[in-house]
Each structure stands twice: as structure tokens, then as C-alpha cells.
Amino acid sequence: MSFDALLELFQQRIPAHPWAQIALYLLVLVLIAVVAQWLFGHVMSRIAHRLLTVWGKGPWSKALTRYRAYRRFGYAVGFGVITVGIGEVPHMGRYALAVERLAHAGLWICFFLMLGGVLSAWQDVYASSRRAQTRSIKGYIQVGRLGLGLVCSVLVLSILINRSPLWMLSGLGALSAVLLLVFKDTLLSLVASTQLTSNDMLRIGDWIEMPQCNADGYVKDIALHTVKVQNWDNTVTTVPTYKLFSESYRNYRQMFESGARRIKRTLRLDAGSVRFLEDREVQALMRFRLLHDYLEEKQAEVDEANRLLTAAGNDPVNRRRLTNVGTFRAYGIAYLKAHPEIHHDLLLNVRMMEPDSQGIPVEIYCFTALTAWMDYERIQGDVFDHLLAILPELGLRLYQAPSGADLSGVRISPVLAAAQVAAAQATVHHAPAHAAAAGSHPI
């Protein structure tokens, strides 16, 4: 049977009542739309899955299915069928135009939702790549979805009110001030996100420190509006993206990439322990392997200088002598140069700073060869453990503020001492007689 014969048979069986005809045509139209939606939503998804798998794009197919891109495309096709076929339904009159506009608007909504699903799938596929470990495209994806939402809103509204989209866009010019106020944070974040990414100022995994926002940890996520920082106490600080562009923060990425991490810490020496070294003490310190060459060279230099000063007499105040604090600085430099985990190609120094009421600060400045936090703290602890323990060998003491135990041995005045003795004697004379009769055994 030919198609014309089927059409003629269908027209012969159409009921004569208008409402029955409308219901029958609408039922047929909906059935055709459902079949078209199923064909494009399910059949096309299987075809696309096989093609993407053959091309080696399996993650793309899974991501598109996860975000229902195929299904939304099928919905768009179904609404398209209704948009085209609603004009063929008899007796619809002015209702046909309303249904056509609604179906046309639904078509574009589903189509733009499908495009949003494609962007989300792109983000998931990119997130599984190696490059995503340092650079994030989440901000760009959010900008793209925001742009799609704006275009879809303008297009759907123009369809519903039967106006040109250009007329809608021209009306937005009058609302530009309001739009700038409403989307102020979005625009600032868009500019900041673009600058941060293009200038490589921030990456996922960077350790940043931003005290004004209580952020000190690793960058966990970079989005359009916010950057999430996981702090060392496992809390998460959310920082607005534009603040990372307009305010200062410290990024430790360069430190990790350089392969060195700085140690800058001071030891405060007691000023009362600084003195000259006697000749016997210099000879005793010769046993230190790290000081042997330094002391030999320095002692020869001092002896040569002292021979030129013999005219001033043999008084020690007129002669050059080595000091224990200078020898300690030389020992610290030699120790750091011999340490296997200290970076020897970068600046290394042990310097004396300006004395104050807290003692004499001696600063240790060097770089570790390992940058991991645990290794850095271990190396720094080993260095200062050794330097603190070597101080008594050189006759030096570490400055420490007096505590209660330090003040317990302070001598009291003679008057107070005499009063304490008198009180003790009075206690003995007034002791009970039976206690004296009992006697006591010496200890």
C-alpha cells in the first residue's frame, strides 16, 4: 500500500467533531515527537559512543553521557517536531501560535543545556589529564556557561514576546549600569581569573600564604569566583578570585622548583660569656676537625701581627687575640659547608647582628637541599641541635631570660638573714619538753 493510500485511509477515519480532530492530531504529533526524541536521544548516543571509542575518545563519551548531553539533544529534537508540526493541527486557531512559541523556546533551552553539558564534559575530561594538575580551566568553563545562559535568556525571551533578539540586546544598553552593579563580582573575578591563568601567577597545588584572609596551605580549586585553599590544619579557606589579583600573597612554588629552602634563624648569646681565648684553649680547640685549618691560619696571622706590636709591650691588651664568638662563627660556617643536606651553591653565612637587651644575635643563613616540610624541619633541627650543643665547648652561653629557678639562689640581705636565724632559735626554745626528752638520732 502506497503512502498516498495510507494518507487517504487516515483522512477517511478522522472524526468530524473539531475537538476530536484536535485531540487526534495532537496525539499523533506527540507520538512522532516522542519517537524522534528516542531515536536521537538513544540511538544517536550509541552511535556516538562507538565512534568516540574507535577514535580513542572513550572518556568523552562517558562524560557526555554523565551530563545527559545526548538526552537533551533528543529533547530539543522533540520540541522541534512540535514546533514544525503544530501548524498542521486543524482548528487550533490562535492557540497554535502560543504552542509553537513555547515549543520553540523549549527547543532552544534544551539545545543550550546540551551545550552546557558539553562544556561540563570538557572540564571532566581535562581534569583527568596531567596538565590539569597545575592549570585549571574551571573559570573559563563557568564563563562559557554564563555566556550560554545569557544568550539563551535573550533568545527565549525574544521568542516568547515575538521581538527580534537585536531589539532585546539594544535594550540592554540602557540597563548597563544596573548590569555592571549586579555582575560586579563576576566581572572582577573574570578579569582576575584570566590574568592569574595567563600570567601563570597561580596553579592548583601551589602553597600560598595570605594572612589577611587566614589562608596558609595548598590551592585546592580555582573557579571563576573563588579559590579554595586547604590549610595545614585541614580547614578550607575560600578566597575571592579578584583578591588574589588585587592584594599581595606569598607563593612558595618557586622555592620548590629551585630545589632549595631557606633557613634564617638566630641564636642569642649571653654577652657575659664573650671573651678572648687563651693560648691553651686555642691548642685544645685544634682537635676539632672543622676548626683545625681555621685556627692554624688565624693563629699564624695573629702571631705575625703581634710580632709587629712588640714595641707596645707584652701586656695582653696590646696584642691581638682570638675570641670565642668569632671562633664560633667560623665553626658554624665550616659545619654548614660540610653538612651533606645543605645547598652549597647558594648563599651561606653566619653573621653577628646588633646586640640588644636580649643578648647578642648570631644569625644562621643557609638553604637546605630538600624542600619537603618534614625534611626541612629535620635538617633545621639537626643544625641548631648541634650548634647549641657546641656552645659550651667554646665557653659561650645561650641567652635566656631569668626564671623563678634562676632567682631562687639570690642572696638575701644580712638584716633579713639575722631575723630568720632569731626566729629559728625561738622556735627551738619553745619546743615541747617531751620532744626534747625523746631525743633525736643524727642523720
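The values are calculated or read from the model by the stated rules, or taken from the named source; none is laboratory data. All values derive from a computational prediction rather than experimental measurement. Note that each Cβ is placed from the backbone with ideal geometry, even for glycine, and that neighbours are counted across all protein chains shown.
Details
- Residue in segment 258-276 that is outside any strand (DSSP E or B), of a type in the set (D, E, K, R) and at pLDDT 90 or above present: yes
- Count - residues of segment 337-381 that are assigned to a helix (DSSP H, G or I) and either touching a helix residue (DSSP H, G or I) at 6+ places or on another chain (Cβ under 7 Å) or under 27 Å from E278 (Cβ atoms) (or both): 1
- Just one of (1) closer than 30 Å to L346 by Cα; (2) crowded, with 18+ Cβ neighbours inside 10 Å; (3) not assigned by TED's automatic domain parsing to the domain that holds Q380 fails for L267. It is (3).
- Figure legend. Inter-residue proximity from segment 227-248: first residues free of Cβ contacts under 8 Å to residues at least 40 places away in the same chain, second residues in a loop (DSSP other than H, G, I, E, B), beta-carbon distance below 8 Å, spacing 6+ or different chains. Indicated pairs: V227/L202; V227/T241; N231/N214; T237/N214.
- Helices (runs of 4 or more DSSP H) (entirely within segment 51-145) containing at least 3 residues that are surrounded by fewer than 18 Cβ atoms within 10 Å (Cβ to Cβ) and among the small types (G, A, S): 94-127
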